[in-house]
1. About the Cα centre of the stretch 85-197, what is the dipole size in debye to 20, counting +1 per Lys and Arg Cβ and -1 per Asp and Glu Cβ, all else neutral?
2. Could you grab the relative contact order for the stretch 181-293? Cα pairs under 8 Å, six or more apart, rounded to a whole percent.
3. Taking the Cα centre of the stretch 152-293 as origin and charging only Cβ (+1 Lys, Arg; -1 Asp, Glu), how large is the dipole, in debye to the nearest 20?
4. Can you give the translational diffusion coefficient of the stretch 100-236 in µm²/s, computed by Stokes-Einstein from the Kirkwood radius over Cα pairs at 4 °C and 1.567 mPa s?
5. Computing the accessible area with a 1.4 Å probe over protein heavy atoms, can you report the carbon and sulfur percentage for the stretch 128-265?
6. For the stretch 183-293, what does the alpha-carbon gyration tensor say about shape, rounded, prolate or oblate, given a ≥ b ≥ c as the root eigenvalues, a/c under 1.5 as rounded, and a/b over b/c as prolate?
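The values are calculated or read from the model by the stated rules, or taken from the named source; none is laboratory data. Just so it is clear, the structure is predicted and the values come from calculations on it, not from any experiment. Cβ placement follows ideal geometry from the backbone for every residue including glycine, while neighbour counts extend to all protein chains displayed. When the accessible area is computed, the model is the full protein with side chains, heavy atoms only, and any ligands, DNA or RNA have been set aside. Shrake-Rupley method; radii C 1.70, N 1.55, O 1.52, S 1.80 Å.
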Amino acid sequence: MSTPMSTAASTPMSAPGKPGKAAPAERRARFTDLVAAEWIKLWSLRSTAWILGIGALVVIGINVNSARSNAALLTQIPAMSPDGSFQIDPMRTSFVDPAYQILMVVAGSVGAIAVFGEYTSGLIRTTFTAVPDRRAVVFAKMTVVTTVMLALGAVVAGASFWLTQALLSDTIGLSIGAPGALRAVVASALLAPLCALVGMALGALVRHAAGSVVATLLTLLLPALFGGETYRWAKEIGNAMPLTAWHALVENPSMHYSASKYPETIAEAWTVFAAWPLVAAVVTVVVVRRRDV
């Protein structure tokens, strides 16, 4: 007498309440879904909009105030310097050093907050439980932060150049087609996402609010420690910093500055601008993937 064949192995698994139908496989999160989630996370903090908005206004305001002061000073130059040795650089009027140091601090801090904020709140555990692919999560976060900071940098750089040159238009104002002008605007716009990615890397490494922000400030403003030209090795380290590279990229080629003993070329400056965000992105991905939450 033959035993009946078991049909358990051949019976498809059924969804609850629907016998005979296979349970649908869990849908993997698409990258666009991750980007949308990270976008919501970034803007769910009210401080994000305030920091970016106030930071942009402060940077533009400092540059505009510099242009107003220089425009007034231009009327006094003939009396101050009859031989014409005293000149005002209209390019540096658009890109005042303290203003863009503030932009670097703002961008770097927001980048750090985007990472350490999830760790300090514990939300990162929920994120990685829902999406185990940590690399995809980090790429989505970097995409959102880079996009927002690039838009911020473009607005600040474009507005600073247009407003300041408009104030100087009757005398020494420049057009965007002037030598070095477009390069300066592009470099100033790219400075914000560069600093934000560096902030993200430091936020992933430190995972502490105050520590991440302080580490970001020290890293981005480090050239102050390597400003002298007594030792070449110290100057070369300074030339490898984002702030020094930005100085080289916004320099007006039509003006004659005092020659540096170890100058940074335009190609070297662009290399620095490419290397820092690339290394920062790699560090962020590696650290988040390998460290426990």
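1. Dipole magnitude for the stretch 85-197 comes out near 400 debye.
2. On the way: 105 pairs, mean separation 39.2, N = 113.
The value is 35 percent.
3. 500 debye
4. Translational D for this selection: 77 µm²/s.
5. On the way: 4270 of 6260 Å².
Taking all protein chains in place, the stretch 128-265 shows 68 percent carbon and sulfur surface.
6. Prolate.
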